[in-house]
Amino acid sequence: ADTFDEGEIFKNGRFVDIKNPEQAIKQGIGYLPEDRKEQGIFLEMVIANNIVSGSLKSVSRNQIINGKRIIEVANKLKKRLSIVCPSVNTLAKQLSGGNQQKVVFAKWLLVNPEILIVDEPTRGVDVGAKSEIYKIIRELSSSGTSIIIISSDLPEILTICDRIYVMHNKRITGELSRNEATEENIMHYASGINSKQDIVK
């Protein structure tokens, strides 16, 4: 994963000190990485185990993992997210890119974070899977999860984001509402120009 150079993290106006994924999860923050094969999914593990990997407490009792419960939970999320596979005992590496990404989303649905950071959510997936992933993101947002999307795909940003922050050289150069957002305006701010008046002109 990328390391940060500088800055601080505030959640609900309060500084939070996060040094590893476990601390982030305790703070109610999840992260769906850009490189799902290296950082988001265990390719040599079955789908069911991938789905519960971030929330073993949900399938455990008295610190004993319940295998039957794992299958029940995984099947429920498989159906909810329309994961195409023979069964939840299928190895993750046998899935298409889009279905692998759905498995990563399923893992975070089970964790149920307050904030989910999603990095390049549809990179390397086909058009059909893209629309399904957008649907998952909208459902998460509607259920109360705050979604922060990092994307270099302008049509994607314009499709699913309610508010857009544009960065240039590690600095925020512009903020756009859905109504203000166009590819032209986003590229304007991405170039380092940060005046809304210039855009209007």
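Some values worked out for this structure:
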item	result
Tilt relative to the chain, helix 127-142 - C-alpha long axis, 0 to 90 degrees, to 10	90 degrees
Of the trypsin sites (Lys or Arg not before Pro) in the stretch 2-40, those whose Cβ has at most 15 other Cβ within 10 Å and which sit in DSSP loop	Lys19
Of the GluC sites (Glu not before Pro) in the stretch 1-50, those whose Cβ has at most 15 other Cβ within 10 Å and which sit in DSSP loop	Glu6, Glu8, Glu44
Around Ser151: net Lys/Arg minus Asp/Glu count, Cβ-Cβ under 9 Å	-3
Between 0 and 90°, nearest 10: helix 67-80 axis offset from the chain longest Cα axis	40 degrees
Overall Cα dimensions of the chain, principal axis frame, Å, largest first	62, 39, 28
Mean ellipticity per residue at 222 nm, deg cm²/dmol - from DSSP H runs of n ≥ 4 across the chain, formula -39500 (n - 2.57)	-11000 deg cm²/dmol
Exposure proxy ranking, count of Cβ atoms within 10 Å, fewest first, for His168, His188	His168, His188
Eligible aspartates and glutamates near Lys79 by straight Cα distance, threshold 17 Å, same-chain separation 8 or greater	Glu132, Glu139
Rounded to 10°, Cα long-axis angle of helix 97-111 versus longest principal axis of the chain	80 degrees
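None of the figures in this text is laboratory data; all of them are computed from the coordinates on show. Just so we're clear, the structure is a prediction, and the values are computed from it rather than from any experiment. Here Cβ is always computed from backbone atoms with ideal geometry, including for glycine, and neighbour counts include all displayed protein chains.
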